[in-house]
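The values are calculated or read from the model by the stated rules, or taken from the named source; none is laboratory data. Small disclaimer: the values here were computed from a predicted structure and weren't measured. Cβ: placed from backbone, ideal geometry, glycine included. Neighbour counts: every protein chain shown. Accessible surface is based on the protein model in full, side chains and every heavy atom, while ligands, DNA and RNA are left aside. Shrake-Rupley method; radii C 1.70, N 1.55, O 1.52, S 1.80 Å.
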Amino acid sequence: MFPVLVSWFLYHVSCYLCIMLKSTLIKATVAGAYQLKHFFNGEFKISNKEGMNNLVTEADHAAEKAIIEVIREEYPDHFILSEETGEMRTNSEFKWIIDPIDGTVNFSNGIPLCCVSIGLEKQGEMLLGCVYNPIMDEFYFAQKGMGAFLNDKKITVSSKSEVIKSCLVTGFPYTYLDEPNGPLQVFEKLVRRGVPVRRLGSAAIDLCWVAAGRFDGFYEHNLQAWDSAAGFLMVEEAGGKVTDYKGNPYSPYQPHLLATNGKIHDELRTIINGGSF
Ligand code: IPD
Ligand code: CA
Ligand code: CA
């Protein structure tokens with residue numbers, strides 16, 4: 001009887017904790033998105049980071065500050081990794097991974113493809129993710145084992161099974177990667193065969209649009225953890241597949257990402273690695 005009671009108790013404590021974490025995640029995402037929307041199409045300072053046109057704006061800093069304030073107030077001991085500030089290390093098993101504005105170049109040109117992206121890891125496993133584009137009013141949420149949602153409606157990946165019939169999306173790094181099977185070579189190979197490959201300029205939105213079935217696949221050669229933390233969970237929870245270019249389970253701490261509906265995964269991976277097409 002005693003062990004049953006203990007596991008019942010532990011189960012309810014963990015559900016309660018998850019509800020609290022989810023509420024903080026949503027509050028933090030909304031706080032960041034409020035800043036994004038406030039500055040969108042307005043006046044803001046812009047400066048350059050490493051690489052050509054790798055921008056950071058006053059809005060990125062304001063969104064990051066607002067997000068971190070919410071998390072710090074509710075979980076002061078949690079580990080935070082955020083694009084503009086870097087690591088705020090603690091011994092906590094929880095780690096918040098924040099991109100205050102993903103799609104900053106779009107944002108700074110008034111292009112409405114930009115968002116706040118926040119993922120929450122527990123002991124190295126992505127537990128929750130939120131991606132919010134307040135300009136298009138699209139709020140994506142995923143919870144490990146519980147599915148992915150767009151504005152509270154469950155989403156699923158597409159069902160296309162051949163690359164030639166697919167609609168894909170990719171991104172290019174700010175500093176061009178000159179390597180075998182680099183981003184432009186893969187892009188050229190696909191486009192020469194007539195495969196539509198879009199470039200939206202926000203990896204988090206690219207991933208969410210795969211999760212929502214708008215794209216059949218997304219690949220990018222050089223991403224950072226904050227670009228993909230929330231979005232890769234979104235794709236997995238929508239029934240898709242996410243790996244590195246070798247086909248290993250995806251880790252946001254290495255650069256290569258391939259996210260698909262699962263059906264075109266192996267074929268697209270072969271093409272990316274130089275296979276004929
Ligand atoms: C960038 C976007 C873009 C991707 C770049 C990222 P940022 O993030 O996600 O789509 O191609 O690799 O750095 O700079 O807008 O946060
Ligand atoms: Ca980013
Ligand atoms: Ca960013």
State all residues of region 186-204 that are away from ligand 3 (no atom under 16 Å from the Cβ) and either in a helix (DSSP H, G or I) or of a type in the set (Asp, Glu) (or both); if no residue qualifies, say none.
Val186, Phe187, Glu188, Lys189, Leu190, Val191, Arg192
Residue that is surrounded by the most Cβ atoms within 10 Å (Cβ to Cβ), among those in region 63-90 that are within 16 Å of ligand 2 (Cβ to nearest atom) and in a helix (DSSP H, G or I)
Ala63
It is to be established whether one or more residues within region 212-231 are in contact with a Phe, Trp or Tyr (Cβ under 9 Å, 6 or more places away or on another chain), farther than 22 Å from Asn54 by Cα and outside any loop (DSSP other than H, G, I, E, B).
no
Mind telling me which of the residues Val30, Val13 ends up being open to solvent by 20 Å² or more (accessible area, probe 1.4 Å), in a helix (DSSP H, G or I), over 16 Å from Cys115 (Cβ atoms) and hydrophobic (A, V, I, L, M, F, W, C)?
Val13
Quick check, is Phe139 part of a strand (DSSP E or B) and among the aromatic types (Phe, Trp, Tyr)?
yes
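Go through Gly119, Gly103 for me and flag whichever is on the phi > 0 side of the Ramachandran plot, within 14 Å of ligand 3 (Cβ to nearest atom) and within 16 Å of the chain's Cα centre (by Cα).
Result of the check over Gly119, Gly103: Gly103.
Yes/no matrix, rows are residues, columns are (1) away from ligand 2 (no atom under 16 Å from the Cβ); (2) open to solvent by 10 Å² or more (accessible area, probe 1.4 Å):
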{"site": "Pro100", "(1), (2)": "no, no"}
{"site": "Ile111", "(1), (2)": "no, yes"}
{"site": "Glu121", "(1), (2)": "yes, yes"}
{"site": "Met136", "(1), (2)": "yes, yes"}
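If I ask for residues that are under 23 Å from Gly42 (Cβ atoms), without any contact (Cβ under 8 Å) to a residue 60 or more places away in the chain and out of contact with any Leu (no Cβ under 6 Å at 6 or more places or on another chain), which ones from region 86-104 would you list?
none
Which one of these is surrounded by 14 or more Cβ atoms within 10 Å (Cβ to Cβ) and assigned to a loop (DSSP other than H, G, I, E, B): Gly275, Gly239?
Gly239
Check Gly129, Gly147, Gly171 and return the single one that is among the small types (Gly, Ala, Ser), away from ligand 2 (no atom under 16 Å from the Cβ) and under 16 Å from the mean Cα position of the chain (by Cα).
Checking each option against the conditions leaves just Gly147.
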Those residues of region 199-257 which are among the small types (Gly, Ala, Ser) and closer than 17 Å to Tyr174 by Cα, in sequence order:
Gly201, Ser202, Ala203, Ala204, Ala225, Ser228
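Mind telling me which of the residues Val169, Val186 ends up being within 16 Å of ligand 1 (Cβ to nearest atom), of a type in the set (Val, Ile, Thr), within 23 Å of Gly119 (Cα to Cα) and open to solvent by less than 30 Å² (accessible area, probe 1.4 Å)?
Among Val169, Val186, only Val169 is within 16 Å of ligand 1 (Cβ to nearest atom), of a type in the set (Val, Ile, Thr), within 23 Å of Gly119 (Cα to Cα) and open to solvent by less than 30 Å² (accessible area, probe 1.4 Å).
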